[in-house]
Amino acid sequence: MIRSVDDAAAFTPLVERHSSALHGYFARRVPASADDLLAETWLQAFATRRTFDTSRGSARAWLFGVARNVLAGYLRRAGREVTSPAPAASDPWQAVDQRLDAAALAPALRRALADLPIGERELLLLVTWEHLTPTEAAAVVGIPAGTARSRLHRARGRLRERLAQPRPAPRHMTVTGDLA
């Protein structure tokens, strides 16, 4: 049982429990640097563990806040900003209808996400990708929980609007030549 984040021995279970989720957070934003950023997050979290206040939220939310700060520092040093999710890897076996529909929708979804204000996009991604509650996501970005819920509601509405707009019809493959 973890007594407190302040306890150095408590870090082993924290690392075991949260490394995968934190690595995913980085891998979806800057895949090539995910391992290094995860290591930096654990170093910073361990060094600042005494600043964790259990009355302000969960250890998970605090760790994502540390990860967000590590990512922001990395992006500042690199002189760039992540404006949209990393493109999905191509899947040569998209035979299932749901996969085809999702693949057809993915570019529009990426554009719609990129068009969201950065604060709304970050909240939405923390809740959907990282499975944080709106309250935990609010703690990560440093805003009140009610504000986070309002921004999350607006972001979801904007995405629904953008995705409801008509899309061009998909180009169908035509087979030419002798198939026999």
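Miscellaneous remarks
Residue-by-condition table, conditions (1) open to solvent by 50 Å² or more (accessible area, probe 1.4 Å); (2) closer than 24 Å to P144 by Cα:
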residue	(1), (2)
R29	no, no
S33	no, no
W42	no, no
T51	yes, yes
T54	yes, yes
F64	no, yes
L75	no, no
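- Filter pass, S55 being out of contact with any helix residue (DSSP H, G or I) (no Cβ under 7 Å at 6 or more places or on another chain), at pLDDT 90 or above and under 20 Å from E136 (Cβ atoms): no
- The lone exception for R149 - which of (1) surrounded by fewer than 19 Cβ atoms within 10 Å (Cβ to Cβ); (2) over 24 Å from T54 (Cα atoms) it fails: (2)
The values are calculated or read from the model by the stated rules, or taken from the named source; none is laboratory data. The shown structure was predicted, so the numbers you read here are calculated from the model rather than taken from an experiment. For neighbour counting, all protein chains shown are included, and Cβ atoms are generated from backbone atoms with ideal geometry for every residue, glycine included. The accessibility values were calculated without ligands, DNA or RNA, using every heavy atom of the protein model including side chains. Shrake-Rupley method; radii C 1.70, N 1.55, O 1.52, S 1.80 Å.
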